[in-house]
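The values are calculated or read from the model by the stated rules, or taken from the named source; none is laboratory data. All values reported here derive from a predicted model rather than from experimental measurement. Using ideal geometry, Cβ is built from the backbone for each residue, glycine included, and neighbour counts are taken over all protein chains shown.
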């Protein structure tokens, strides 16, 4: 048996031990597993913790649970799968690096294979390039593909639909990462792993209101993913619930690298608070504010989303929404396996908790993380 990682939650240690022992043949098909009482005694933990392991073993197809009798090894064991990964600009979109790390760790624990294809480029992607990526995975007969739909390109909707259709036609399951491939608030038929972006937009905006900001704008790049539109919906709701004025021009679609355009917008609207679609946009807008001689947070409060590596290292550390990217990767793998074993099940939104990280860009005194 492999050595258990002691930094993992206790229930995952129990879960992994049973998986390894079932795979090794210690527990044969039809054999009853130890009772909850026995496992509690063996691992020295609570019954609540122990109960999570058999639930996940059943979900993963290892056991059947019989009311009043116990848990029994399933006659036909869960198979080991091969998955493909299709993520645009993997090196540029910061949340996907830790998300992929979570996927990789989870697939090692589950003994699945993960294929890393060359990532799609948002700036220069063609229909032929997309078809080649899809054919690569189809020819390798992968069981499923983790897909983060393209954004920031005029053909994104057509290309995203083409990718999904190709895998549908090949009978390959798709789990979406972070974003849907249809405009918000529409919903596709695929399982989606992420956070509640509308609620996150509400929380970050409500925080700016609580710090005294009264004229707040939302800045996003044109052609952003549907997650950004969900954040804007939460932003709008928070403004209106705070009895502040909301106008259509409070949502600004502009390239944050276009300093003159950003400056024109700020001079026209004269906000005292900015919510940015993500941390990269916030960092670029912060640079423009510095060029304009606007002090953060005294004259302008600014916040973002994602809590990427450099968010705390900016000239003024950035207040942001922290996404649990590693946990999202693990949840994506669990959802994919569930989808393969329950193909007719309704599509699911798997929304993980996020937290508000308050730093110097909105407050003079940083606060502890607030979890939601």
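Candidates 314, 266, 257: the one that is within 17 Å of residue 363 (Cα to Cα), surrounded by fewer than 23 Cβ atoms within 10 Å (Cβ to Cβ), free of Cβ contacts under 8 Å to residues at least 60 places away in the same chain and touching a helix residue (DSSP H, G or I) at 6+ places or on another chain (Cβ under 8 Å) is 314. Each residue in the range 284-295 was checked for being touching a residue at least 24 places away in the same chain (Cβ under 8 Å) and in contact with a strand residue (DSSP E or B) (Cβ under 8 Å, 6 or more places away or on another chain), and 2 pass.
In contact (Cβ under 8 Å) with a residue 40 or more places away in the chain and under 18 Å from residue 200 (Cα atoms): is that true of residue 306 in this structure? Criteria met by residue 306. Take residue 237 and decide whether it is under 23 Å from the mean Cα position of the chain (by Cα) and either part of a loop (DSSP other than H, G, I, E, B) or crowded, with 16+ Cβ neighbours inside 10 Å (or both). Spelling it out, residue 237 is indeed under 23 Å from the mean Cα position of the chain (by Cα) and either part of a loop (DSSP other than H, G, I, E, B) or crowded, with 16+ Cβ neighbours inside 10 Å (or both).
The set of residues in the range 297-310 being in contact with a strand residue (DSSP E or B) (Cβ under 8 Å, 6 or more places away or on another chain) and either surrounded by fewer than 20 Cβ atoms within 10 Å (Cβ to Cβ) or closer than 15 Å to residue 215 by Cα (or both) consists of 300, 301, 302, 303.
Considering only residues in the range 146-185 that are assigned to a helix (DSSP H, G or I) and touching a helix residue (DSSP H, G or I) at 6+ places or on another chain (Cβ under 7 Å), the one that is surrounded by the fewest Cβ atoms within 10 Å (Cβ to Cβ) turns out to be 162. When the residues of the range 241-254 are filtered to those that are in a loop (DSSP other than H, G, I, E, B) and either surrounded by fewer than 13 Cβ atoms within 10 Å (Cβ to Cβ) or touching a residue at least 60 places away in the same chain (Cβ under 8 Å) (or both), the one that is nearest to the chain's Cα centre (by Cα) is 247. Can you confirm whether the range 190-201 contains a residue that is more than 21 Å from residue 351 (Cβ to Cβ), in contact (Cβ under 8 Å) with a residue 12 or more places away in the chain and not in a loop (DSSP other than H, G, I, E, B)? No: the range 190-201 contains no residue that is more than 21 Å from residue 351 (Cβ to Cβ), in contact (Cβ under 8 Å) with a residue 12 or more places away in the chain and not in a loop (DSSP other than H, G, I, E, B). Scanning the range 86-108 for residues that are outside any helix (DSSP H, G or I), within 20 Å of residue 174 (Cα to Cα) and either at pLDDT below 70 or in contact with a helix residue (DSSP H, G or I) (Cβ under 7 Å, 6 or more places away or on another chain) (or both) yields 86, 87, 89, 90, 95. Here residue 24 passes the criteria (1) at pLDDT 85 or above; (2) more than 33 Å from the chain's Cα centre (by Cα) except the one numbered (1).
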